[in-house]
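First the structure, in the form of structure tokens, and then the observations on it.
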Amino acid sequence: MHETIRRGAAGLAALFLSAPAWAAAKAEPAIPDPARDWDRLWNEVIFDITIIGILFAIVTAWFIWQGRRRPGNEVGASPKLSPASAVGWVVIPIFVFLSIDLYTAANGWVLWNTYRDVPDKRLEIKLESGMYSWDYTYPNGVRTQNELVVPAGMPVVLRMTSRDTLHSHYIPDFRVKEDSMPGRITYLWFNPTKPGEHIVTCAEYCGVMHGYMAGRIIVKAPEEYAAWIKGEETKLAAASAPEPAAPAASKPAKPAAKKT
Amino acid sequence: MNLKEWIFTTDHKRVGVLYLIGSIAAFAVAGIMAMLMRIELSTIGPTITANPTQYNVWLYTHGAVMILGFQIPALTGFFANYCIPLMIGAKDVAFPRVNALSVWLFYVGVILALLTFFIPDPPDVMWTGYPPYSTITTGNTAMYSFTVLILGFASIIGGVNFLTTVAYMRAPGITLNKLNIFVWCTLAAFVLQLIFVPVLGTAVSLISMDKYLGTNFFDPTKGGDVLTYQNLFWFYSHPAVYVIFLPFIGVVYEIISVHARNAVFNYKMVVYGGVGGIVLLAGEVWVHHLYVSGMADWLRIGQMVTTLLISIPVGLMMIGLIGTLYKGSIAFNTPMLYGLGVVFLFLIGGLTGIPLAVPSLTLGVSDTYYVVGHFHYVMAVAGTFAIFGGVYHWFPKMTGKMYNEFWGKLGFWLTFVGVNIVFWIMMDIGVQGMPRRYYDYAHFPQFESAHQWMTAGAAVLAVGFAIAVLNWIMGAINGKPAGDNPWNSPSLEWTTVSPPPHGNWPSPPAVAEDWHPYGYKKA
Ligand code: HEM
Ligand SMILES: [Cu+2]
Ligand SMILES: [Cu+2]
């Protein structure tokens, strides 16, 4: 589907108009992978601007070389434009730029929807950022700091806030970041497709140690993850057991509401 | 030369030169900050300071002083003052004393900014000053607020002055379609300043009120909102990039037209489509600085479209510029090299901005070195090249003397090579994930050699800039006499003697019916 929208280079503006409808109609069964889509759109846009840049640069260099001052060429001879061609030089570029703009916008919007529509099947994590740590809370109440362990193949959504200054939870490998701040809850989601480790780094200036505010996303195979979270849950229960009255089972927080 | 005369001067040309001296001094200081940062970043871990705050103060000073103390004053202070009255055939500006007030306020602002180095807790809030950090840091946020307020005020009163001057003081025969492109561009920049600076003033005042007077505009625990500041700040600071862009591209139009001896291509397209279009769109795109800030989704999508539309007027201005080269008679002297350099740098900077207009793509690259590389190309370096080219271009007019071509060209090539090394690599490591405003990058060891290349490139470009400034100083002292119109330009500023006397012309210049600032004739 992404391919089709990209290939229809002819009806660029028409595509733009149909983009919202197209985005709404999309009902892909598979979990989208925003990072992979990001790479695709990024490469495409970079390819386009490289072509445009090279064209402009060649034309400019050619004019410069052709127009160098030399005997017999002591004064410029730029053509006097007729009113029609003067207008043409405004209208035609406007249409060219406009179609490039709208085409880019349509593609950008489609990708935006992928980034903002969180799949229903997902792991909800609460994130509180602070100077200078990332504090994650799992649906069952398990907490970790600067290390988020997740199962491969399960989309992860972070509901983020901050207890002090601005921070931005940036995962370069997943091509995603979003600021967190006091007083609001922001979110981002990513799709860890296979086991591995990914750096988390802070992308919003948050104070003296901003450059050191880093963490890791550890993606485990689903079975390993299940074992890990079980272990953590048991530890949590053990830690709260000594409190005489409180039974461990009542401790875990309620899973966050499903609505995005 | 009498110091008292300079201090009490109301002559627009001297006010302009005072602006130039102050802004070049500011550039030198902010440039040294850049070098210190580059040296610090050349190795992982501490290099020349073990204190991250020290780095953050350098970065704050570099950003704030480059923009508020160098580029805006050089463009809307120096060039506007020096050139606009001469280009429209006026004796002076409409309110010469207000003009003097504006330059001295500018000096107060710059001195305040430089006091950063002498107070115990200098500001470390970056040039953006985002709360909550700016309201809880031990650094001196008030200093930031006052610097911005004073420099902003200096610029606003300059704006009123120039709008009045161009409206009422044009020599007979200079109709609106015979204004230099630079004049149009600068007027547009002043219109933007007048509309938007007050918003910035509000924003920075409110953070100091929150910090020192106990108000809670940005404190959500007491009913405030963090994002409000970012909206106010960028509501000004995006238009501010056009306050820089418009005059600098205007300077480049003058340079390219004169040294290609070629009329500006499709003048009305440039003025109404390019300059006019930018003024219309300038205020509707600020959210592209807030794509990852947690803004409402509909705003991000809406301003993606407006931001992309900016490519239309900017593209028209590029077409006008490149068209002016077509069938020209191009001399490759120093000002022209800088002018042509801007065309290429701006091309890179402008095009690399297109991905940054798309919110989904910025989720990957926002707040990384990609952005730092992009805006240095498009504004910082392109603007600085335009300023340096413009100073070279009008140098014979200001001093009556000629600079040295050899050193001029050498300086140009060193800076041109240097900036491309530094800022191209920045974009590259940015895409790979290097975030901006990092004192240290211990968890990104793979970028160390890239950082070392950038530091080397920065050293090269610093030498180039230093050569240029020395070239001016030497030229002003003992350059060869240049004559009144060495470039053979019909534009009005070249019709008076060099340097022009107080009052500019012995008797007001009159222009012929078929005169045009870009009507070149065989020499
Ligand atoms: C010509 C040599 C220059 C070099 C080597 C240089 C270098 C740098 C570096 C290394 C950074 C950012 C580092 C970081 O994010 O930690 C930076 C940021 C910045 N530079 Fe430059 N720069 C130069 C010129 C300029 C100029 C002429 C301007 C004029 C507008 C400028 C404006 C800025 C701004 C606004 C920032 C961002 C500050 C912030 O993050 O708050 N720079 N520069
Ligand atoms: Cu942080
Ligand atoms: Cu941070």
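Only a single criterion out of (1) more than 21 Å from A:Ser180 (Cα to Cα); (2) buried (at least 16 other Cβ atoms within 10 Å of the Cβ); (3) more than 12 Å from chain B (Cβ to nearest Cβ) is not satisfied by A:Trp134, namely (1). Scanning region B:193-248 for residues that are part of a helix (DSSP H, G or I), among the hydroxyl-bearing types (Ser, Thr, Tyr) and away from every other protein chain (no Cβ under 14 Å) yields a total of 7. Among the candidates B:Thr10, B:Thr43, the residue that is polar (S, T, N, Q) and at pLDDT below 95 is uniquely B:Thr10. Taking the residues in region B:425-456 that are away from ligand 3 (no atom under 16 Å from the Cβ) and charged (D, E, K, R) as candidates, determine which candidate is nearest to the other protein chains (Cβ to nearest Cβ). Looking at residues that are away from ligand 3 (no atom under 16 Å from the Cβ) and charged (D, E, K, R), I get B:Asp428.
Which of the residues that make up region B:465-485 are in a helix (DSSP H, G or I) and more than 23 Å from the chain's Cα centre (by Cα)?
Taking region B:465-485 as the starting set, the residues that turn out to be in a helix (DSSP H, G or I) are B:465-478.
Result: B:Met474, B:Gly475, B:Ala476, B:Ile477, B:Asn478.
Does region A:184-216 hold any residues that are in contact with a Gly (Cβ under 7 Å, 6 or more places away or on another chain) and of a type in the set (A, V, I, L, M), and which are they? Result: A:Val200, single match.
Find the residue count for region A:185-207, including only residues that are within 16 Å of ligand 1 (Cβ to nearest atom) and among the small types (Gly, Ala, Ser). Show your work before the answer.
Filtering region A:185-207 down to residues within 16 Å of ligand 1 (Cβ to nearest atom) leaves A:201-207.
Remaining after also requiring among the small types (Gly, Ala, Ser): A:203, A:207.
Here the count works out to 2.
Every condition in (1) in contact (Cβ under 8 Å) with a residue 40 or more places away in the chain; (2) more than 30 Å from A:Pro151 (Cα to Cα); (3) more than 10 Å from chain B (Cβ to nearest Cβ) is met by A:Pro119 except one, and the failing one is (2).
The number of residues in region A:66-82 that are surrounded by 10 or more Cβ atoms within 10 Å (Cβ to Cβ) and not in a loop (DSSP other than H, G, I, E, B) comes to 3. Of the strands (runs of 3 or more DSSP E) that lie entirely inside region A:90-151, those containing 2 or more residues that are aliphatic (A, V, I, L, M) span A:123-130, A:147-151.
Of all the criteria given as (1) under 19 Å from A:Arg216 (Cα atoms); (2) crowded, with 23+ Cβ neighbours inside 10 Å; (3) away from ligand 2 (no atom under 14 Å from the Cβ), the one not satisfied by A:Leu111 is (1). Sub-9 Å Cβ pairs linking a first residue in region B:46-68 that is free of Cβ contacts under 8 Å to residues at least 40 places away in the same chain to a second residue that is within 16 Å of ligand 2 (Cβ to nearest atom) and in a helix (DSSP H, G or I), at least 6 apart or interchain, are B:Thr49/B:Tyr55, ordered by first then second residue.
The set of residues in region A:164-185 that are at the interface with another protein chain (Cβ under 7 Å from one of its Cβ atoms) and more than 15 Å from ligand 3 (Cβ to nearest atom) comprises A:Arg175, A:Val176, A:Gly183, A:Arg184.
Take residues that are free of Cβ contacts under 8 Å to residues at least 24 places away in the same chain, more than 7 Å from chain A (Cβ to nearest Cβ) and surrounded by fewer than 23 Cβ atoms within 10 Å (Cβ to Cβ) and tell me which of the helices (runs of 4 or more DSSP H) falling wholly in region B:249-356 contain 3 or more. Steps first, please.
Working: elements: B:276-282, B:297-309, B:311-325, B:334-352.
Of the helices (runs of 4 or more DSSP H) lying wholly inside region B:249-356, those with at least 3 residues that are free of Cβ contacts under 8 Å to residues at least 24 places away in the same chain, more than 7 Å from chain A (Cβ to nearest Cβ) and surrounded by fewer than 23 Cβ atoms within 10 Å (Cβ to Cβ) span B:297-309.
Just checking, does region B:457-464 include any residue being over 22 Å from the mean Cα position of the chain (by Cα) and either within 13 Å of chain A (Cβ to nearest Cβ) or of a type in the set (Gly, Ala, Ser) (or both)?
Restricting attention to region B:457-464, the residues satisfying the condition of being over 22 Å from the mean Cα position of the chain (by Cα) are none.
No, region B:457-464 contains no residue that is over 22 Å from the mean Cα position of the chain (by Cα) and either within 13 Å of chain A (Cβ to nearest Cβ) or of a type in the set (Gly, Ala, Ser) (or both).
Only a single item in (1) surrounded by 17 or more Cβ atoms within 10 Å (Cβ to Cβ); (2) out of contact with any His (no Cβ under 6 Å at 6 or more places or on another chain); (3) under 28 Å from B:Leu470 (Cα atoms) is not met by B:Pro52, and it is number (3).
From the list B:Ser134, B:Ser145, pick out the single residue that is small (Gly, Ala, Ser), in a helix (DSSP H, G or I), buried (at least 22 other Cβ atoms within 10 Å of the Cβ) and within 16 Å of ligand 2 (Cβ to nearest atom).
Details: B:Ser145 fails: within 16 Å of ligand 2 (Cβ to nearest atom).
Just a single option satisfies the conditions, and that option is B:Ser134.
If you scan region A:208-225, which residues turn out to be within 16 Å of ligand 1 (Cβ to nearest atom) and either under 24 Å from the mean Cα position of the chain (by Cα) or over 30 Å from B:Thr135 (Cα atoms) (or both)?
First, the residues of region A:208-225 that are within 16 Å of ligand 1 (Cβ to nearest atom): A:208-214.
Answer for region A:208-225, where residues must be within 16 Å of ligand 1 (Cβ to nearest atom) and either under 24 Å from the mean Cα position of the chain (by Cα) or over 30 Å from B:Thr135 (Cα atoms) (or both): A:His210, A:Gly211, A:Tyr212, A:Met213, A:Ala214.
Within region B:364-377, track down each residue that is of a type in the set (Val, Ile, Thr) and surrounded by fewer than 24 Cβ atoms within 10 Å (Cβ to Cβ).
At the first step, the residues of region B:364-377 found to be of a type in the set (Val, Ile, Thr) are B:365, B:368, B:371-372.
Of everything in region B:364-377, those that are of a type in the set (Val, Ile, Thr) and surrounded by fewer than 24 Cβ atoms within 10 Å (Cβ to Cβ) turn out to be B:Val371, B:Val372.
Is it true that A:Met154 is more than 7 Å from every other protein chain (Cβ to nearest Cβ), of a type outside the set (Ser, Thr, Tyr) and within 16 Å of ligand 3 (Cβ to nearest atom)?
Values: more than 7 Å from every other protein chain (Cβ to nearest Cβ): yes; of a type outside the set (Ser, Thr, Tyr): yes; within 16 Å of ligand 3 (Cβ to nearest atom): no.
No; evaluated as a whole, the condition is false for this residue.
The values are calculated or read from the model by the stated rules, or taken from the named source; none is laboratory data. Treat the numbers as computed from the prediction; the structure is a model and nothing was measured. Here the Cβ is made from the backbone with ideal geometry for all residues, glycine too, and neighbour counts use every protein chain on show.
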